[in-house]
Each structure stands twice: as structure tokens, then as C-alpha cells.
1. Test GLY146 against the criterion of being assigned to a loop (DSSP other than H, G, I, E, B), within 16 Å of the ligand (Cβ to nearest atom) and either buried (at least 18 other Cβ atoms within 10 Å of the Cβ) or not assigned by TED's automatic domain parsing to the domain that holds THR320 (or both), and give yes or no.
2. Among the residues of the stretch 202-216, write down those that are free of Cβ contacts under 8 Å to residues at least 60 places away in the same chain and within 16 Å of the ligand (Cβ to nearest atom).
3. (1) touching a Gly at 6+ places or on another chain (Cβ under 8 Å); (2) of a type in the set (Ser, Thr, Tyr); (3) away from the ligand (no atom under 15 Å from the Cβ): which one isn't true of SER228, the others all being true?
4. Evaluate the stretch 123-135: report whether one residue or more is closer than 30 Å to THR209 by Cα, modelled with pLDDT under 95, not assigned by TED's automatic domain parsing to the domain that holds GLY382 and not small (Gly, Ala, Ser).
5. Could you run through the stretch 120-143 and say how many residues are part of a helix (DSSP H, G or I) and either touching a residue at least 24 places away in the same chain (Cβ under 8 Å) or within 16 Å of the ligand (Cβ to nearest atom) (or both)?
6. In contact with a Gly (Cβ under 9 Å, 6 or more places away or on another chain) and of a type outside the set (Ser, Thr, Tyr): is that true of GLN413 in this structure?
7. Return yes or no: is SER284 within 23 Å of GLY74 (Cα to Cα), of a type in the set (Ser, Thr, Tyr) and assigned to a loop (DSSP other than H, G, I, E, B)?
8. If I ask for residues that are within 16 Å of the ligand (Cβ to nearest atom), at pLDDT 90 or above and either surrounded by fewer than 19 Cβ atoms within 10 Å (Cβ to Cβ) or basic (Lys, Arg) (or both), which ones from the stretch 91-119 would you list?
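The values are calculated or read from the model by the stated rules, or taken from the named source; none is laboratory data. Given the structure is predicted, the values throughout are model-derived calculations rather than measurements. All Cβ positions, glycine included, derive from the backbone under ideal geometry; neighbour counts span all protein chains shown.
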Amino acid sequence: MFHQLYYFVLLILPIFIRAQEKPIALIGTIILPDKSIDNGTVLIFDRYIKAVGTNIFIPNDAIIVHTNGVILPGLIDLHNHLTWNILPRWKPVEEFGSRYDWQKKAIYRTLLQSPHKALIDAGLSCEMQRYAEVKAITQGVTSLIGSLRQPCNRGLARNLDDDSTLGKILYDVFPLLMTDMKLKETNEVLSSNGTLLIHLAEGSPNDATAAMEFLTLKARGLLRPGVSLIHGVALKQNDFRDMANASVGFIWSPRSNLALYGDTANLEAALESRVITAIAPDWSPTGSDGLLSELNYATTWNGGLEHSLFDDHLLLDMATINPAKLVHLEKRLGALKEGYLADVLVLQFNSDHNKFNPYWTATHSTPEDVLLVLIDGEAVYGNPQLMTQLVESKNLESLDICGVEKSISFASQNASQTSFRQTEKLLSNALRHFSRTLAPLSYCGK
Ligand SMILES: [Zn+2]
């Protein structure tokens, strides 16, 4: 009982302490769920969006920030393996049949598995997690999945699978091996509005093992609402139809798929069948450094098709409202609306053939373009000029992102901890024992 109370206090206390004292009014071009508006305002107070629009009342004590940028919901990453993102990019020289093939390779063990395990064994998992969260935030992410779920400091990003206030989200890598007991528990979670995100049919489109997994999933009774399938490269058109009929979602990771298997899922079938689809990077060794880069990758992939499958608006939905829907949070996250949690991204306006287009900006930005990231109503990252208006200078640490200075604040975590530079140093030194270097936060221009 004592322990329960203790954890309750730990969970609840930071919420009260963390609330921003003054309202924040962000002014710029705003991407709303169905349109964009110029010169609009997003008013934020006490963790929530209080109002959005062109003609809203701004309280006298509000901090007014003229962003001159595009204001959109923070990106939601439903598929990542965070601690692996400290490791440099791995460029396999061959294509694999399925995930089971590359995991057997000595090169995978040498470059990724051994150093990862050694750093975990050395007690550095919280530092690995911290580095990966910062990496995600520099890519516009405000909510993510794939944390370690162990007692590190409260995450700087919103850790969806480790936040009991947001409903139960199960995240499984190899769920088909789950015991009957685990299956029973999973079904109970799904029956109480929880969700399950699972890797499935990860391999080349013709790989039999990968294709078999969908049949196993059905046989185990898991083709049901609340479930979303990750990867699905080997899924056929009929499988996507079955998914749509069962209200099962899909999480697409094109870059990692193409790097490992030379192909990606049948996105056309997913979209035609109206399966709710989200996009996510998987991990940075074979996927993108983060969601902004994955959006760029997806637009390039889409542009190379004979008939493009989506426009910039739909692609942005795949990183905002669609992932929110898949974890049953579409009434709290994934859009800029009154009453929603204040997770906000601001990007520098970019022009598409000399035409300013906010949706094009959202899907073609690089980490240098991130002007501001607010999580739970608090500014955590952005350009120094904007961050200094919202956070005390003593709480800001400087980061270099592809030659552009950015500022980060860990003040919202409400815990004294080492600087980010020290975290980087600790991880670099530990990796040196394996002749590995720490992956940069961003592979600039790659
Ligand atoms: Zn994965």
C-alpha cells in the first residue's frame, strides 16, 4: 500500500508542479484538422489548448510568441525501439527474407546487438533512452512508443506506453509467441478500450514465414478492434480488407522495410481498404532518425510511383491524427483543438515552387527547420530566440543540429540530472569499447 501511494504521488505531483504559470499565445499559420489558417493563434494554458482561431481572446498576462512559422500538432511515433537509436546507421549489403534472417547474422550481432546489450548491462539504459527521446523531439515528435518502461526519470517526450493516464497500450515485438495466459490478459485489455500494437508479417512480400503470421494472428483471435499491425510487408490485398472489416489499424515503416527487405507494404491496398494507417520510423539504424525524416522519405517514395498514393495532407494525418486514433487518443492528441493536450510543433515556413504551403512544409522539413516543440504545454525544444521567451535561460542547454543552434530544456522533468552533453559523453565512452561511435542526433542531409 505504501508503495502504491508513493508511486501515485510520484505520478501526480509533477503534473501540478509542471503547469506553465502564464498562458502562451502562439501566432502563425495554423494547421487545423480540415484546413489551415493564416495569422491564427493557439492559446495554451495549464497543459491544454484553450482556444484556436483567428479571432480569439488573449489574456493580458499571456506570453505572445510570433513564430512566423507553421503551427501543427506534435508528431506521434507509434513504432520505435528507442534505446537502439544511439547506434549508427546500419546499411546491410544484402536484402533479407524476414526479420528472423537478419537477426541470425553475425554482422547484426557485432554492429548492433552486442553493443546494445553491453550498454544495457552496464546500467546505461536510462541514458540511452534520454538520448533517443531528444533525438525524436528534434524531429518534431511529442508522443512516442518503445520506451523501456523502467524507472528512469519521467520522459521528456510523452511516453504513450508508460502513461497510465492515457489508457493501456500494449506494444509487442513478437506477440505470436505469447502464452495463453498473456493472450487472455491481452484480450482483457482490448475489451476495456486498450490497444495492442504488434510487429507482423515483417519480411519480403513473398516470404512465407512472414505471410503465415497473419493466419496465426487470426487463429489466436487477435484480428479485432484495438489491434494495429506494424510492418505488414507480406500482407496481401485480402488481408488488408480483413483488417478494415475488423477495424484493425496499420503502422507503416517504409524506410526500414526498404533497407532490410528491398520492398515495403502494399500501402495502396491499405489505403483503398480504408485501414487507418500511421507512419513511424521503426528505429534509426535502418529507418529514419525520426518522424520528420520519415515523412520526407515517404514523399520521395510516393513521388517515384507511377500513380502517387497520397498527398501532403494525408501523409501528415498519418503522423498526427491517425496514430492518435490507433491508440484511442484522438479526442486528446493529434490535432490542434480546444481541450486537447498541448503538444505542439512549429516549423519554419518552406516554399514549394515559390508557393507557401503549410502541408508541404510539414512533410518536407528537416530538423534544422524545427522552431519550437511544446509537450504538455511546456516548451522543451526549439530555436533559442523562441525558447528564451518561454523558458528561463538557466534551464536551457544548447544543441547543434546540422550547424543550426537549438535549445533544449529538461525543466519539465522536475528532477535534477546531468546535462545532455554529459549523457552524450557517457554513451560515447561506453561505445568506444566496441569500436562503435554514438549516432549523431541527425544525419544531416542524408
Ligand atoms: Zn520494430
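1. Details: assigned to a loop (DSSP other than H, G, I, E, B): yes; within 16 Å of the ligand (Cβ to nearest atom): yes; either buried (at least 18 other Cβ atoms within 10 Å of the Cβ) or not assigned by TED's automatic domain parsing to the domain that holds THR320 (or both): yes.
So GLY146 fits the description; yes.
2. Initially, the stretch 202-216 is screened for residues free of Cβ contacts under 8 Å to residues at least 60 places away in the same chain, giving 206, 208, 211-216.
GLU213 - this is the single residue of the stretch 202-216 that is free of Cβ contacts under 8 Å to residues at least 60 places away in the same chain and within 16 Å of the ligand (Cβ to nearest atom).
3. (3)
4. First, the residues of the stretch 123-135 that are closer than 30 Å to THR209 by Cα: none.
Scanning the stretch 123-135 turns up no residue that is closer than 30 Å to THR209 by Cα, modelled with pLDDT under 95, not assigned by TED's automatic domain parsing to the domain that holds GLY382 and not small (Gly, Ala, Ser).
5. Start the filter on the stretch 120-143 by keeping residues that are part of a helix (DSSP H, G or I), which leaves 120-121, 125-137.
Restricting the remaining residues to those that are either touching a residue at least 24 places away in the same chain (Cβ under 8 Å) or within 16 Å of the ligand (Cβ to nearest atom) (or both) gives 120, 125-137.
Adding up the residues that qualify gives 14.
6. Answer is yes for this residue.
7. Working: within 23 Å of GLY74 (Cα to Cα): yes; of a type in the set (Ser, Thr, Tyr): yes; assigned to a loop (DSSP other than H, G, I, E, B): yes.
Yes; evaluated as a whole, the condition is true for this residue.
8. If we filter the stretch 91-119 for residues that are within 16 Å of the ligand (Cβ to nearest atom), which is where we start, we get 92, 96, 98-103, 108, 112-113, 116.
Now drop any that are not at pLDDT 90 or above, which leaves 113, 116.
GLN113, the sole residue that qualifies.
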